[in-house]
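Have a look at the structure below before the remarks.
The values are calculated or read from the model by the stated rules, or taken from the named source; none is laboratory data. None of the values given here were measured: they were computed from a predicted structure. Note: ideal-geometry Cβ built from the backbone for every residue, glycine included; neighbour counts use all protein chains shown. Side chains are part of the model used for accessible areas, which takes the heavy atoms of the whole protein and leaves out ligands, DNA and RNA. Shrake-Rupley method; radii C 1.70, N 1.55, O 1.52, S 1.80 Å.
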Amino acid sequence: MAYFEAEQPRKKGPGRPRKYGKKIKVFDLFDQRERFSDVECAIYGKVETVSIASLNLLWKPTAGLIRFVLAVTKRGPIILMCSDLNQDPVAALELYCTRVRIETMFDMLKNLMGVFHYRFWTKSLERHSRKPRKNKDLKKPTSGEQMGKIRLCFAAYERFVMIGSIALGLLQLISIKYEKSVWKEFKGFLRTKSRKLPSERTVKFVIADLLVRDLFSIAPGAVIRVIQGYIFTKKIVEPEGQWSESKPKLKSTVIET
């Protein structure tokens, strides 16, 4: 349920003026065809003619005005709500229809690339609870050194996610550029191919299999040689300039190249 704004009385009487006017079911607005106009709009990647209307109504949960955008598309009616009372209805509809690609990207980042599975933490940052009420007594960092460590921790979060996003983009690029090669090397089973281009998951499966085979080959490729050189290196230079045969430590040693 939504409400029109109440009309202001000509004469001020006792009590507070009415805020809410006539009540209406938002879905009933589709019957008021005079409010709609036909425009061309991109709906889920395809341009089509839609009937669209917009009006500002009072919404009790927000205790204020909300812009309602109503559209009739080939897929059926759509109702959108926006806090920006000046939002262009066509732009709102097109932005809403792009959410599928955005949600698909986040699904790939989360479940395929694992970019949100980071476990970086610093003791300089207070632990947060999943319940907001328990976070009201959190203390702020008291020293500049703590703030420096916190900034480094947040920078690690951002870099981890960014590297995962770049890796996802590379999988998509490989799928577009080397479509036939990917399907040729694919050893899995698909009941039916939903599309011509291989998915990011398929490309990742193929590349992982190729890297494992290359790792155990007699003459590995350049990428595997770099990895092997990093893992199995024996010559390590300590910060003082002494030679050591121990396992390399990233924070206190420098690997000779």
Spin-label pair R225/Q87, simplified geometry with 7 Å Cα→Cβ offset, distance in nm: 5.6 nm
Residue among P198, P220, P17 with the largest mean-square fluctuation in a Gaussian network model of the chain, springs linking Cα atoms under 10 Å: P17
Descending semi-axes in Å of the range 136-204, equivalent ellipsoid built from Cα gyration tensor: 44, 13, 8
Cβ-Cβ FRET estimate between I166 and L125, R0 fixed at 25 Å, reported to 0.05: 0.40
4 °C / 1.567 mPa s Stokes-Einstein diffusion coefficient of the range 1-103, Kirkwood radius on C-alpha pairs, µm²/s: 85 µm²/s
For the chain: rounded, prolate or oblate by the Cα gyration tensor [a/c cutoff 1.5]: oblate
Cα→Cβ-extended label distance, 7 Å offset, between Y157 and E94, nm: 3.3 nm
Max mean-square fluctuation residue, GNM over the chain, Cα-Cα springs under 10 Å, options I218, I163, I176: I218
Among N111, N86, N56: highest mean-square fluctuation, GNM of the chain, C-alpha pairs under 10 Å: N86
Rounded to the nearest 20 debye, dipole of the chain from Cβ charges on Lys, Arg, Asp, Glu: 1180 debye
The range 90-131-the range 166-213 distance, computed between alpha-carbon centres (Å): 24 Å
HN-Hα J in Hz across the range 24-40 - Karplus 6.51, -1.76, 1.60, θ = phi - 60°, x for Gly and Pro: 8, 7, 4, 5, 5, 5, 5, 7, 8, 5, 5, 7, 9, 9, 8, 9, 8
Cα-based reach from K19 at 14 Å (exclusive), listing aspartates and glutamates while leaving out same-chain residues under 8 positions away: E5, E7
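Could you sort E103, E126, E34, E200 by their accessible area in this structure, using a 1.4 Å probe and putting the largest first?
The most accessible residue leads, giving E34, E103, E126, E200.
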F27-R201 FRET efficiency (beta carbon distance; Förster radius 35 Å; 0.05 resolution): 0.35
Computed [θ] at 222 nm, helices only, for the chain once each DSSP H run of length n ≥ 4 contributes -39500 (n - 2.57): -10500 deg cm²/dmol
Inter-label distance for K184 and R35, nm, one decimal - labels placed 7 Å from Cα along Cα-to-Cβ: 5.9 nm
Positive-end residue, the chain charge dipole about Cα centroid, Cβ charges, pick of Q87, T122, V223: T122
Sparsely packed chymotrypsin sites (Phe, Trp or Tyr not before Pro) within the range 146-199, loop by DSSP, other Cβ within 10 Å at most 11: F189
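A 26 angstrom limit on the alpha carbon distance is what I want to check against. Which of K12/K60; K110/K177; K46/K193; K46/K110; K74/K180 exceed it?
K46/K110; K74/K180
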Rounded tilt (10° steps) of 144-177 against the dominant C-alpha axis of the chain: 90 degrees
